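Scroll down for the structure; my scribbles are underneath it.
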Amino acid sequence: MLPITGYVDRWSVKPGEAIRFMISSRGGVPYHARLARIFCADPNPRGPGYREAAMPCGIDGPHAGIEQPVRPGSRALVPRLDLAGSLSLALTLRPTLLSSPRPQTLLHWQGGRVSLRLWIGQRRLHAELSSPAGALRAETGLILDGGWVDAALVLDDEAGCLRLACRPRPLPYSPAPRLTLAEANGPIPPLGRGRMMLAATLDRTAHFNGRLERPAIHDGALPVEILLDARSGSTRLPGVRALWDFVEGIGTERITDFGPHGFHGELENLPTRAVAGAVWSGRHQRWTDAPEEYASIHFHENDVGDLGWLPSLSLTIPPEWPSGLYALHLETAEGRDNIPFVVRAAEAGAQAPVALLLPTLTYQVYGQYPRQAVTEAAASRARAWGALTETADRHPEYGLSAYNTHADGRGVTITSMRRPMLDKRVNQIHRLDETPEGSGTYWLAADTYLLDWLDRRGIPCEVITDHDVHAEGVGLLRRYTAVLTGQHPEYHTEETRGAIAAFIEGGGRFLYLGGNGFYWKIVPFQGETWAVELRRAEGGIRTWAAEPGEGYHAFDGSYGGLWRRLGKPPQALVGVGFSSQGDYRAEPYRFTDAIQDPRIAFMRQGLEEAAPGISFGERGLMGGGAAGHEIDRADRSLGTPAHALVLAVGLPQHPSFEPANEDRLTQEWPGTREDVVRSDVTFFESAGGGAVFSVGSMSFIGALPIDNYENLLARLMENILRRFADPTPFPWPETASALPEKETLS
Ligand SMILES: [Fe+2]
């Protein structure tokens, strides 16, 4: 647990509105808070340097602290479950981390001083019924990896006996699995009114990793064979006291009891639903087509949804605060942290015709990303630069990013913003950049180069977030003449992608200033983006892949994966789309002949150097140049408009650059190196008087600050932005030359 940390309840807030900060200080020690407006979040002394302005306000100063609970792990709480007399309990499970040395709870019921627990440990199934009078314990034979298991527990009041049985489902080519049975004799204590947790103990520890399906409780002591046979057959057993069929409520955190008493429950920490169940046949890929084949919930010990911390501080934004990026700095004697957030204009567009759209959905999907790139050398550099040094690697208790896998190898599919995200901070670097001026920034810290640049050039700009666009749609974007993205707007909901498309269509000016953008689809939780779901179905460069039969989101039943595979490639939105990825390195661009096109004369204004064959972006704070790391190309076959101009091309030479998986069908590359490992700086007009400028490189904006923002790339960008912010419609290029098959590099 960090000495001090926290999160906000929203990414953005308007003047007059309140934002709440959920803060936890270790041991409940007092902490100090200080609010600032952020201009440059990069601490690298060889760049513009970390820059902020104090914003004195009512929450500056000392505060009493509280330590707030961190209880990762998904589970299901049934707040009331009354049990009486003899009973028979059965469930189906698929453990996915049997190698764990820790006990993994399947079910824990407590009523008064009587407790019933069912768990796996040491590859065996265990049960314990305890009361002040003593305990009955039983354990069964070995459970093997990789399969489904039916389990039954019978409390026989008359016989004074606890029976525990389990039987794996048959595996291919293996003998029919044997039932193993264990018994413990002794009086069954009276049970009565109680509550139950599935997949963890009631004190929220000893979590289960794996899938649970259709837990059921029947009145009376049924023979265990009948109980187990009924798990995989169609027999309906008598005397149902409770039966939770997880087919109901996929897409919610509700579990429904189909028994007579309605002992419904709530999931905690967003376990994964819409996963293939014990009877998944492979004939269906979409869970809505055969919900009964998706009756499981996959629980993990490190799932994190809403940490549910109490609000510690609340700030109503003063009316005079300009739109921008802000951060609440927190400090105790032991450590420090900061919580960034955006202040929007009270009326969108009133402060500026230009908006920076921060890719907060991508920040969230990447939130808490432990990875090898975060080395001790990077940490010592961060210390030397006075930056934050805490990383997600050292604090997995706040959950993982959707780039990680759980301990059982399954990808993390759901990410929440209701938890600290230690790698989405200001005054932070993200990796060791070994180029001479390199900062090693990513995400938010990188995106502030745009804020710093605009502020220094005196170009007014408001800041908005993906979360705002999701909620408000194209109407929000239309309040601006021009909208800029950050460095990596990779993840989009149907709503955010649709709003951007409608904005461009309707005459908006859009500057896509990143790489690998508009790539994956994500889906919000019940319409709200505090949690989003991602199914990495089929193609795409990815750190894990959706499992068979699990390409459809639980949250809304829609198909997941690449927007390209959903018929909406990034090229069709912004002219360029993902082509290649390599190390965190970048190289220069060269102008093509298209830079001379009269349609883009505005770009060349005052820039004699903007001519075919001339290079720019030779230096940068992100990998040592402007074209690099993850890069995009124009491709008419994928939707780049025929009239798009590719005015500059970057061709990274580093051998680490490889084609995107989705382009690669055989062992061969899908084209020559120059076809594939390229970043195309692209411009096109829309029929509604709008225009799009796309750079197709994650490193591009890292080249802006070079020489105090006085470089060819920065001046070109200023020309473009000033024209894009001018409401004069871009004429439709009647005589537009089509994109040549290959750009000629003079
Ligand atoms: Fe990415």
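All of the numbers you see were taken from the coordinates with simple rules; none came from a lab. None of these values were measured; they are calculated from a predicted model. Glycine also receives a Cβ, built like all others from the backbone with ideal geometry; neighbour counts cover every protein chain displayed.
Worth a mention:
- Our estimate of slack between Tyr173 and Arg80, defined as 0.36 nm per intervening residue step minus the Cα-Cα distance, is 29.2 nm.
- This model, with +1 at the C-beta of Lys and Arg and -1 at the C-beta of Asp and Glu, gives the range 254-306 a dipole about its Cα centre of some 280 debye.
- Computed [θ] at 222 nm, deg cm²/dmol, the chain (DSSP H ≥ 4; -39,500 (n - 2.57); rounded to nearest 500): -3000 deg cm²/dmol
- For the chain, leaving out every one of the trypsin sites (Lys or Arg not before Pro) that falls in a DSSP loop and has at most 10 other Cβ atoms within 10 Å, the longest unbroken run is 284-746.
- Dipole magnitude of the range 371-521, debye to nearest 20 (Cβ charges: Lys/Arg +1, Asp/Glu -1, about Cα centre): 80
- The range 530-658: relative contact order in percent, alpha carbon pairs under 8 Å with at least 6 residues between: 29
- Sum of side-chain charges, Ala206 neighbourhood, beta-carbon under 13 Å (Lys, Arg +1; Asp, Glu -1): +2
- For Cys161, Cys166, order by how many other beta-carbon atoms lie within 10 Å, fewest first: Cys161, Cys166
- GluC sites (Glu not before Pro) restricted to the range 582-638 and DSSP loop, no more than 11 other C-beta within 10 Å: Glu608
- For the chain, with +1 on Lys and Arg beta carbons and -1 on Asp and Glu, the positive-most of Gln571, Trp544, Pro170 along the dipole: Pro170
- Computed about the Cα centre, the dipole magnitude for the chain is approximately 1060 debye when only Lys and Arg (+1) and Asp and Glu (-1) carry charge, each at its Cβ.
- When each of Ser694, Ser12 is scored by the number of other beta-carbon atoms lying within 10 Å, the sequence from fewest to most is Ser12, Ser694.
- C-alpha center-to-center spacing [the range 178-233, the range 563-604] in angstrom: 58
- Using a Förster distance of 51 Å, the FRET efficiency for Glu608-Asp289 (Cβ separation, nearest 0.05): 0.25
- Dipole of the range 579-710, positive end: most advanced residue of Ile595, Pro652, Ala687 [Cβ charges, Cα centre]: Ala687
- Length-normalised contact order for the chain - Cα pairs under 8 Å, 6+ apart - percent: 13
- GluC sites (Glu not before Pro) restricted to the range 432-534 and DSSP loop, no more than 13 other C-beta within 10 Å: Glu434
- Neighbour net charge for Pro436 - beta-carbon separation under 12 angstrom, K R +1, D E -1: -2
- Options Val304, Phe258, Ser314, ranked by Cα towards positive dipole end of the range 237-348, top entry (Cβ charges): Phe258
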